[in-house]
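Worksheet: the structure to be examined is printed underneath.
The values are calculated or read from the model by the stated rules, or taken from the named source; none is laboratory data. Keep in mind it's a predicted model, so treat the numbers as computed, not measured. A quick note on method: Cβ atoms are made from the backbone with ideal geometry, for glycine too, and the neighbour counts reach across all protein chains shown. Just the protein is used for accessible areas: all its heavy atoms, side chains included, with ligands, DNA and RNA removed. Shrake-Rupley method; radii C 1.70, N 1.55, O 1.52, S 1.80 Å.
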Amino acid sequence: MSSANLFDLSAGFYFAALITYVIYLVTRNKKTGVAATTLTIVGFVSQTIAFALRWIHGYSYWLSANPTSGLIEALLRSAPLRNLYESLIFFVWCLIVFHLVIEFKYKIRSLGAFVTPLAAAALLFIDVAGTTTEIQPLIPALQSNWLLFHVFLSFIGYAAFGVAFGAASAYLVMVTESKTEKTYIFWSIIVGIFIIVLVGMGIDFVSLSSSERSQFLQNHFLKSTLRSDSGGVAVVSWIVSIVFIGAIWQFGFGLKKVLENLSITPRVLDEIQYKSIAIGFPLFTLGGLIMGAIWANSAWGKYWTWDPKETWSLITWFVYALYLHARFVGGWRGKRVAVLAVVGFIAVIFTYLGVNLVLSGLHSYGAS
Amino acid sequence: MEKEEKKRNILESIWKSLASVKLAIFILMILALSSIIGTIVEQQAEPARNISLLAKFFGDSFAPTVYNIFVKLGFMDMYRSWWFVSFLVLFSINLVVCSIERLPKTWKIIKKPLKPMAQSGIKSLPVKKEIKLQANLSDVKDVFHTALKESRYNVFEAAEEGSIQLYTQRGGFARLGAYIVHISILLIFIGAIVGVRYGFKAHVNIPEGGTTSVAYDNNRKSIPLGFSVKCNWYDTTYYPDIDTPQEFSSELVVYDQGKEVMKKVIEVNSPLTYKGITFYQSSYGKIPDAVGHFVLDVSSPSGQEKTLWLRHGESFVIPGTEVKGRIVDFSTALTRDRHSNQLITYSDSMVNPAVAIEFEEPGREKYTGWILKRYPETGNLMNGNKVIFKDYWGVEYTGLQVAKDPGVGIVYLGCLIMAVGLYISFFISHKKIWVYITQEGSKGKGPISVTVGGSTTKNRITFEQEIDKIIAKTSQAMEGRSKK
């Protein structure tokens, strides 16, 4: 079995786990909860094996192209962190590790319903975007240890931020007293957009041919629905989306009771949120910003050029720095910091995908 | 008098607001939000590009007006604009002033000696454990003392009647982590300023065999290097069987005052540095209308070898044989067309260079064969003769990024300090432990009651585990003692 098949298999398990976590949230049946955890663990094991297999394949590929390469160099150059596909897979893997740790450490299972959607979204994105699953040879600019550590640490950081995002979203709905609260409206919109994009990508996936998918990032993102060339389809999609966000706003409040019944306290969610950021922030600073800069300097002689990718990672850093200062010295508590944790993760997504998806699209249009 | 006091009050309130967290939060927000602009508007680009971008948002008729407003606001080069730089300056001032304002207080907390605490106080600490032991007071004390010492705590003792207290703290310096990070940010800024002030970024193309003693900056101004650099050759290597580049490399030789002082094959991620100036492999290309040399390694089974430099149409003899060759054709990228089955050139760039050689030897008909640079086995001739196509030399140039940045060391030092500061602030905590040991009942008869209490600035769960471990260790040691 190839690593790509095994990754698909693990994706299947995670999707099943996601659904089971949601059922668990609704039914509060303990056995369902155990099933959700089991599915996650099985998915995780198969993903780990796939990761190892891919590394081994990459290793022999590298050695065939560079017979004189040493063991360590070959291992580093063949680490499966080379492209969008592999980095997203690694992101999901880290996310699941964090999630399992929290599940066993804090004995709360229902956070899975907020974290597995992120894993599912990333995996769906991989499938829809039709990113190549082939093992690609490493182009010269990427042949750097700094780059490897840069990607490795960044994604652990991103995953930690993802967990904080999950905990913060659960927190925001739990502390809501009335539907007219600004933070609850904010929550409804964010969760709504998240689900709409997920579903939209699902529709893209069904309606796009595989050859179109290779151009997905630049040309086809949400083209079947919200960004459709046919005005009618686009208008209907927008109306449906807005109605959907309204529905979330109307009914999302019910989640609060569900979470309360599962004896989750806002306090624990708050703690998970800030602990995740306390892990993510130093890793992201070191791996994302510092090592990225060192790599750029060793490859191009410039450690900082204010290109959109760099700038967005700095924006992400500003948001989390803001979070830490607001929380520890600014006296911000509760909802306000939870909103920051959500905004921070939006910046993360934008840094990784939005820059390629939205900004490069703008500019390539400008060039034509 | 009043005036002076007023003046002082104003200064004080300015100082306070410069030191305030509110300002820090405000600046971080402004920096995050305003930075977005420069990721949407293309920076330092040709006006036409951004006008057509703006036309998407504001329509064709308004786009030029909006563009002009944006130019005035500095959005087209915003990270160097006066207002963005002002925010960075304000950011630095805020960092310095708030550190000056807060550091003395933090220092006091760190330096404050720990004092013994009343038993009731220990019981109200965030982490507390109580155990009872059947043993002698001083034994229990010794055991705890050792256990704490083994956990790298520096233990103090206070004795009262019928009770002994051990108290200790560790990791107070963790409170300095944030200040260390602040200093590191300032260092990075200083390094960046030094780099802009005393360094340069430039570019130069050197043809194979060519030499330069200058490089060119963004405004095409020439910058003298103070020495000269020669490019011996440029080469792209590819992964087997696909046209994905594996490495771009150039051999550079540095001449200082006419003498060769350095020679290195540079690659992407592996530059050459001489006298503080670094040369990075950044691009390559073909020189228009250049006529190059074919570099061939020819050998015969008798072991005779030769490297030949030939022009198009020139002939050679494989040493030790009577085989004659003549270069008759060249292709930058040779392939066999799938449909027509004909040999064609599929690219103008040297992706798969091939040379056609017409061979002649006594008693045989003339024949022509293509020899490919990327596939040396194509040069294995009959009778064990070999012709290896090493290079088509003199038709490509290497594109070098040339940079001098005396600030980069300071920036890296800043990065290192930042990493240390972050580690200290997030993974080390200021921990305090009090152990109150007392004898219940009277005159050395009753059981020993031990109250362990502690506080930590972060990672409470780990701290609790640490205390549990210490207690487990002591109980074990006590058992060991009672058996003796």
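What to note about this one:
- A:VAL233, A:VAL151, ranked by accessible area, largest first (probe 1.4 Å): A:VAL233, A:VAL151
- Bridging of B:LYS111 to lysines at a Cα separation below 24 Å is possible for B:LYS149, B:LYS431, B:LYS432, B:LYS458, once same-chain residues fewer than 8 apart are set aside.
- For the range B:56-79, a reduction of at least 10 Å² in accessible area between the chain on its own and the assembled protein chains (probe 1.4 Å) is found at B:LYS56, B:PHE57, B:TYR79.
- Per-residue accessible area (protein heavy atoms, 1.4 Å probe) orders A:PHE90, B:PHE200 as B:PHE200, A:PHE90, starting from the largest.
- Probe 1.4 Å, all protein chains present, accessible-area order of B:SER163, B:SER315, largest first: B:SER315, B:SER163
- Solvent-accessible area per residue for chain A (1.4 angstrom probe, square angstrom): 41
- Measuring r between the beta carbons of B:ARG8 and A:LEU75 and using R0 = 56 Å, the FRET efficiency lands at 0.30.
- Sequence ranges A:261-272, B:113-124, ranked by mean other-Cβ count within 10 angstrom, highest first: A:261-272, B:113-124
- Using a Förster distance of 22 Å, the FRET efficiency for B:SER86-B:ILE190 (Cβ separation, nearest 0.05): 0.80
- Using a 1.4 angstrom probe on protein heavy atoms only, the contact between A and B buries about 4600 square angstrom of accessible area, both sides summed.
- Calculated accessible area for the range B:293-392 comes out at 56 Å² per residue, all protein chains present (probe 1.4 Å; ligands, DNA, RNA ignored).
- For the residue pairs A:LYS302/B:LYS230; B:LYS286/B:LYS390; A:LYS182/B:LYS16, alpha carbon separations beyond 29 Å are given by A:LYS182/B:LYS16.
- Mean ellipticity per residue at 222 nm, deg cm²/dmol - from DSSP H runs of n ≥ 4 across the protein assembly as shown, formula -39500 (n - 2.57): -17500 deg cm²/dmol
- Between 0 and 90 degrees, the angle of helix B:63-72 with respect to the longest Cα principal axis of chain B falls at about 60 degrees.
- Where labels lie 7 Å past Cα in the beta-carbon direction, separation of B:SER213 and B:PHE173 in nm: 5.2
- Between the helical axis of B:177-198 and the longest alpha-carbon principal axis of chain B there is an angle of about 30 degrees.
- Heavy-atom accessible surface of the range B:293-392: percent carbon and sulfur, 1.4 Å: 45
- Per DSSP, loop trypsin sites (Lys or Arg not before Pro) in the range B:215-262 with at most 16 further Cβ within 10 Å: B:ARG220, B:LYS221
- Alpha carbon centroid spacing (whole Å) that separates the range B:45-88 from the range B:122-138: 68
- Within the range A:12-118, the trypsin sites (Lys or Arg not before Pro) that combine a DSSP coil assignment with at most 14 other C-beta atoms in a 10 angstrom radius are A:ARG28, A:LYS107.
- Shape category assigned to chain A from the gyration tensor of Cα positions, a/c cut at 1.5: rounded
- Mean Kyte hydropathy of -0.5 or more with a Cα span along the axis of at least 18 Å, helices from DSSP in chain A: A:3-27, A:30-65, A:84-106, A:112-129, A:145-174, A:182-207, A:231-251, A:266-283, A:308-328, A:335-349
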